[in-house]
Amino acid sequence: MNVKFLRNFGYIENRLPNDLFNAIRKECFDILDGNPNNNEKRNTELSGEGVPDHYNMKINNDALFKVIADMVNHAEQTIKFSGAIKNFTNPCPLWFDKPWINYKKKGEFIPNHIHDGLYSYNIWVNIPYDIKEELKTGDYASTFEFTFNSITGHIITDRLKIDKTWEGKIMLFPALLQHCVYPFYTSDGVRISVAGNVQYKT
């Protein structure tokens, strides 16, 4: 007997070069410290009570886009998500929209949502808690979760336990893959992440 697994999509993990990560981290903390030269708040359809503040990232975008471009090329050779969308009869170039920074405080969350475009990414910049202490408060505390359907329509979740080892890590995933971020409870620090989209250029 042979067992055959049906195809599904996934995501790609990578680690930013140290110099780029340190530059992004500095930019994030400069905004957090109130630097008026780079303090552009961004509202999204998720913005509201209990949801982290978002700010546009400006300084390190070009260097970041080079890393993302390499990840997208790898994704197109492996995940091949664009072939499943079939929005266009001819190849369509991609572009990177402006990334944003999330500043998440104790008790704040990001509800289940999808992004625009073909691929999205998330970078973890600062994790202020000890994951072992967090998980004592509940299995979902501080986790990042993907949600998708099985071939029989059942809901499947992939829950990632984000700890300090994730600082500097970048994840690229299909923009239509639903995901959410649960609150953390054991630290008064700020959890910082950067997110953005890879869009079709039309």
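The values are calculated or read from the model by the stated rules, or taken from the named source; none is laboratory data. Remember, predicted model here, so these are calculated numbers, not experimental data. Note: ideal-geometry Cβ built from the backbone for every residue, glycine included; neighbour counts use all protein chains shown. Remember, those area values only see protein heavy atoms, side chains included, never the ligands or the DNA or RNA. Shrake-Rupley method; radii C 1.70, N 1.55, O 1.52, S 1.80 Å.
In terms of packing, defined here as the mean over residues of other Cβ atoms within 10 angstrom, the peptides 118-126, 1-9, 51-59 line up highest first as 118-126, 51-59, 1-9.
Who wins for biggest fluctuation among T186, T157, T44 in a Gaussian network model of the chain, springs between alpha carbons below 10 Å? Comparing T186, T157, T44 in a Gaussian network model of the chain, the most mobile one is T44. By the Kirkwood approach, averaging reciprocal distances over each pair of separate Cα atoms, the range 4-51 gets a hydrodynamic radius of 14.7 Å. Using the charge dipole of the range 4-76 (Lys, Arg: +1 at Cβ; Asp, Glu: -1 at Cβ; taken about the Cα centre), state which of Y55, L32, L20 has its Cα farthest towards the positive end. Toward the positive end, the furthest listed residue is L20.
Springs between Cα atoms under 10 Å define the GNM used for the chain, and in it the highest mean-square fluctuation of P17, P183, P93 occurs at P93.
Ignoring lysines fewer than eight residues from K105 along the same chain, the ones with Cα atoms less than 24 angstrom from its Cα are K26, K41, K58, K132, K136, K161, K164, K169.
At a 1.4 Å probe radius, carbon and sulfur cover how many percent of the accessible area of the chain?
51
Were the residues from F9 through K58 laid out at 0.36 nm apart, the gain over their Cα-Cα distance would be 14.5 nm.
Ranking V3, S187, L160 by how far each Cα lies toward the positive end of the dipole of the chain (charges on Cβ) leaves V3 at the top. Within the straight-line cut-off of under 27 Å between alpha carbons, the lysines reachable from K4 are K80, K86, sequence neighbours fewer than 8 places apart in one chain being disregarded.
Residues whose amide H falls under 5 Å from that of L177, counting only those 5 or more places apart or on a different chain, are H115, with hydrogens built in the peptide plane. In the full protein context, the chain carries 56 Å² of accessible surface per residue, based on a 1.4 Å probe and ignoring ligands, DNA and RNA. Take every pair of alpha-carbon atoms less than 8 Å apart whose residues are at least six positions apart; their mean separation over the length of the chain yields a relative contact order of 31 percent.
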